[in-house]
Each structure stands twice: as structure tokens, then as C-alpha cells.
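For reference, the structure discussed in these notes is given below.
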Amino acid sequence: GQGYVVGMNRDELRSRPAALPPELHKQQGVQVLYPRETSGGTWIACNAYGNALALLNWYDGASPRGSKRVSRGVLIPSLIHEASAVATGRRLASLDLEGIHPFRLVGAFRDEQIVCEWRWNGGGIRKLSFPWELRHWFSSSLSDAKAGEMRGQICAEIARREAPVSSEWLIRLHRSHGANPGPYSICVHRPDAVTVSYTEVRCDSAMAQMSYLSGSPCQKLGFDVRKHILL
């Protein structure tokens, strides 16, 4: 209809410092909303145009040239002020990505009713566009392909049992473990890494709202923080 709901688990090493909850910021005069690492980077954001961006590490992408010099977390703060998919892609193409490891950047653009994905493999950017419908992306340092296969099966099974039409469905999905908690369950549990937060962006014709749960979503019932931007 006139909006969308996006849910995102963030999976990180257990040794990584906890992130800071969402706050309102201004980028190039535009109100934006995102959680952030202590260094300032982020993995998900929304803006006053009703757009959202989410960043995934692309472990199965081509190897980057040279060593990592810049965190992928700087990308979204550099892009989230843009008003459209075209402007976002143009701004991304203007950035110096040398030294940034491969990533997949996914954007939901409310007014255009389009979902876009930009893939950086260390040498070039490829853009993909998708219809305005349900879609999933998966990432794992063990194997993106394996994560896509196993988590995709969990998503399909849950969608068969219940129509995916609400944010309640979405958070139940992100709390799920399939047969067992493990490295390829949607809520990740590994000896060295775990799902450390769940973020949800709900956007309609009047408001973009970000809800944030710190910790494993399977272990908490409610959100810790809700913030919004009036559109």
C-alpha cells in the first residue's frame, strides 16, 4: 500500500562493544534516524522521505583489493539523506570505496515503491531492482549461500503457516530458530557470535518509525526504544 515494514537482525562477535540505540540526526538538513556503533557507523537507517537503507556484509563477494581501511558502517550515514533511489545510487557511485570490503546495500523507497540492492565486490558496483513485495536477504561470515539456503527454508515454512502481513509476524520470524538455535538459524547462536539486536522500520504515509531491541530477540518480548520521524 502506502508504506512498508522492514526487520533486521544484527549478528556480531560476542566480543564486540554494544551499539547505541536509535537517535534522530540531521544529514544535509534532512532528518534521519539510526542506531550506531560507538565509532559512528550504522547498519540500518530511515529518513524523512520515507526511505530506509540496510547494510549487509557480503562474505561471498569477490575479495577486495588490498586491506580494509574504512569501515562499511560509514556508508549509510553518507547516503541516508538522499530523497530517491536514483539519487542514492548516484551518491554511492561518487564515494571512494577503495579499502571498503564487499557489501550489499538494500534500500526501500516509499514514494517510488521500489526495492533496490547495490553490490560492491571490491572492484565495482552492480545495482539490482525488485518489485514492491516481500523479500529476504541473509548474510553470514560462515557462508552467505548456506545462510540463504537454510534461513530461506525457515522463512518459507513460517510464511506457509501464517500470512506475512504484520510487524508481529516479522518479529516472530526474527526470533525463530527453525529446528534448533545455531549458526544458520535466523536468530543466531554461535560460540563466537550471536544476534545482538533487532531493528524494525515501519513506514506509512505519515510517519517513519524505528523500533529497537538490544540483545537476542528470542530472549526479550518488547522493544527497548521507539523513535519516529513525521513525514
Single unsatisfied condition, A45 versus (1) out of contact with any helix residue (DSSP H, G or I) (no Cβ under 6 Å at 6 or more places or on another chain); (2) at pLDDT 95 or above
(1)
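Sort through E157, E162, E200 and tell me the only one that's touching a helix residue (DSSP H, G or I) at 6+ places or on another chain (Cβ under 8 Å) and at pLDDT below 95.
Working: E157 fails: touching a helix residue (DSSP H, G or I) at 6+ places or on another chain (Cβ under 8 Å); E200 fails: at pLDDT below 95.
Every option except E162 fails the conditions.
Taking the condition among the polar types (S, T, N, Q) and touching a Phe, Trp or Tyr at 6+ places or on another chain (Cβ under 8 Å), does N9 pass?
Working: among the polar types (S, T, N, Q): yes; touching a Phe, Trp or Tyr at 6+ places or on another chain (Cβ under 8 Å): yes.
Answer is yes for this residue.
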So if I check each of T38, T42, which one is assigned to a loop (DSSP other than H, G, I, E, B) and crowded, with 21+ Cβ neighbours inside 10 Å?
T42
Lone unmet requirement of (1) surrounded by fewer than 17 Cβ atoms within 10 Å (Cβ to Cβ); (2) among the charged types (D, E, K, R); (3) touching a Ser or Thr at 6+ places or on another chain (Cβ under 8 Å) for R160
(3)
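If I ask for residues that are closer than 18 Å to D204 by Cα and either in a strand (DSSP E or B) or not hydrophobic (A, V, I, L, M, F, W, C) (or both), which ones from the stretch 111-134 would you list? Show your work before the answer.
Residues of the stretch 111-134 closer than 18 Å to D204 by Cα: 111-115, 131-134.
Listed by number, the residues that qualify are D111, E112, Q113, I114, V115, P131, E133.
Filter the stretch 139-165 down to the residues that are part of a loop (DSSP other than H, G, I, E, B) and without any contact (Cβ under 8 Å) to a residue 24 or more places away in the chain, then identify the one that is farthest from E112 (Cα to Cα). Can you show your working first?
The initial filter retains those residues of the stretch 139-165 that are part of a loop (DSSP other than H, G, I, E, B), namely 139-143, 162-165.
Still in the list and also without any contact (Cβ under 8 Å) to a residue 24 or more places away in the chain: 162-163, 165.
Working: E162: 28, A163: 25, V165: 20 Å.
Here the answer is E162.
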Pick from S205, S216, S185: which is polar (S, T, N, Q), open to solvent by less than 70 Å² (accessible area, probe 1.4 Å) and farther than 21 Å from W58 by Cα?
S216
Conditions first: (1) over 28 Å from S185 (Cβ atoms); (2) within 15 Å of the chain's Cα centre (by Cα); (3) open to solvent by 60 Å² or more (accessible area, probe 1.4 Å). E98 passes all but one, so which condition is the exception?
(2)
Residue check, M8 against (1) part of a strand (DSSP E or B); (2) out of contact with any strand residue (DSSP E or B) (no Cβ under 7 Å at 6 or more places or on another chain), all met but one. Which one?
(2)
Across (1) within 21 Å of E200 (Cβ to Cβ); (2) outside any helix (DSSP H, G or I); (3) not β-branched (V, I, T), P77 clears everything bar (2)
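The values are calculated or read from the model by the stated rules, or taken from the named source; none is laboratory data. This one's a predicted model, so the numbers in the text were calculated from it and none came from an experiment. For neighbour counting, all protein chains shown are included, and Cβ atoms are generated from backbone atoms with ideal geometry for every residue, glycine included. What goes into the accessible areas is simple: the full protein's heavy atoms, side chains included, and nothing from ligands, DNA or RNA. Shrake-Rupley method; radii C 1.70, N 1.55, O 1.52, S 1.80 Å.
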